[in-house]
Amino acid sequence: MNNINLSEIKELIIKTERTKIYSMSAITDTYNTIFNKNEKQTSCGSCLRNLFIKIKNWYNKEIEIKENEVTIVEEPIVEASPILMDNANIEPLTLEVARKEITIINEALEDGIIEPASPEAELSNDRLVDVIKEKKKRKSK
């Protein structure tokens, strides 16, 4: 397929539907470009109308495909905070570990070390525990 400009095809469709004038050269050239054909120009009204319908159907399918395309946006990589990087020995998550983390989080909430609506509250439990420990260290100094 050659380089096809969808906006030009849209203009052709709008103009043809509005005026009901089927331009021999515009329709035949567009048809040949889209379908990689070599049809000769014709003054046959029903032939031009059939080419036009094929162009319009092709255009509608192309627009539908474009609307359904998924754009992949790469998220920037966020560097880990130094607070979180000193936890080299990560414990496997067991029920006991989860209970410890929840206890630490609950105590931090009760002591006002963290707030429920703070951005830190959105961290995973193990990361939140690291933040709480760091805040406690700073507070004790």
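The values are calculated or read from the model by the stated rules, or taken from the named source; none is laboratory data. Since the model is a prediction, treat every value here as computed from it, not as a measurement. Glycine also receives a Cβ, built like all others from the backbone with ideal geometry; neighbour counts cover every protein chain displayed.
Looking at segment 1-114, the helices (runs of 4 or more DSSP H) lying wholly inside it that each contain 3 or more residues that are modelled with pLDDT of 90 or more and surrounded by 13 or more Cβ atoms within 10 Å (Cβ to Cβ) sit at 6-19, 24-35, 45-68.
Only a single item in (1) at pLDDT 80 or above; (2) surrounded by 13 or more Cβ atoms within 10 Å (Cβ to Cβ); (3) over 30 Å from Asn5 (Cβ atoms) is not met by Lys135, and it is number (1).
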